[in-house]
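Working notes for the structure below.
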């Protein structure tokens, strides 16, 4: 076995013993894409990971928990800037739960506005689609409505 292979085996054994995860393990544990993890690190959403003596990035349970928080917040439509603020509560940057509520209420208002816009779009598309016979006519009510 080569020195590099021995070193790699020792690194893996150390990681198993300490419970450390590699980036691929973090990705599997959270269902997050490797490139997304890199992006969140670059954007400062995830902290810079520790490294083994061999230079491998290592992650722990706190990183898994933080990434799951970020992914859930993204599912709910929070921007990365909003997520930074929400993470600040746990990191001590925010002073109160009221700040989190305020951020959430602003986001909720944005979501409600988007829903209202989508409902208006749905109504227009529904009316327009109902005008279309689906036949082989030279004129199409859907295309006509888009032209105006």
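In nm, to one decimal, how far is the modelled label at residue 68 from the one at residue 80, with both set 7 Å along Cα→Cβ?
Spacing of the two 7 Å Cα→Cβ label points: 2.4 nm.
So what's the gap between the Cα centers of the range 117-148 and the range 34-96, to the nearest angstrom?
With the range 117-148 and the range 34-96 each reduced to a Cα centre, they are spaced 44 Å.
Kindly state, to the nearest 0.05, the FRET efficiency for residue 61 paired with residue 102, given R0 = 30 Å and r defined as their beta-carbon distance. Could the numbers behind the result be given before it?
Details: r = 30 Å, r/R0 = 1.00.
E(calc), rounded to 0.05, equals 0.50.
Subtracting the Cα-Cα distance from 0.36 nm times the residue separation, let me have the gained length for residue 89 to residue 146 in nm, one decimal. Spell out each step's value before the answer.
Details: separation 57, 0.36 × 57 = 20.52 nm, distance 4.70 nm.
Stretched fully, the residue 89-residue 146 segment lengthens by 15.8 nm.
Which of the peptides 100-107, 113-120 is most tightly packed, and how do the rest follow, judged by the mean count of other Cβ atoms within 10 Å per residue?
Descending mean neighbour count gives 100-107, 113-120.
Give the whole-number value, in cubic angstrom per residue, of the convex hull volume spanned by the C-alpha atoms of the range 95-148.
Values: hull volume 4.4 nm³, N = 54.
So the per-residue hull volume is 82 Å³.
Readers should treat all values here as calculations from the given coordinates under stated rules, not as data from a laboratory. This is a predicted model, so every value here is computed, not measured. Counting neighbours? That spans all protein chains shown, and the Cβs are built from the backbone with ideal geometry, glycine included.
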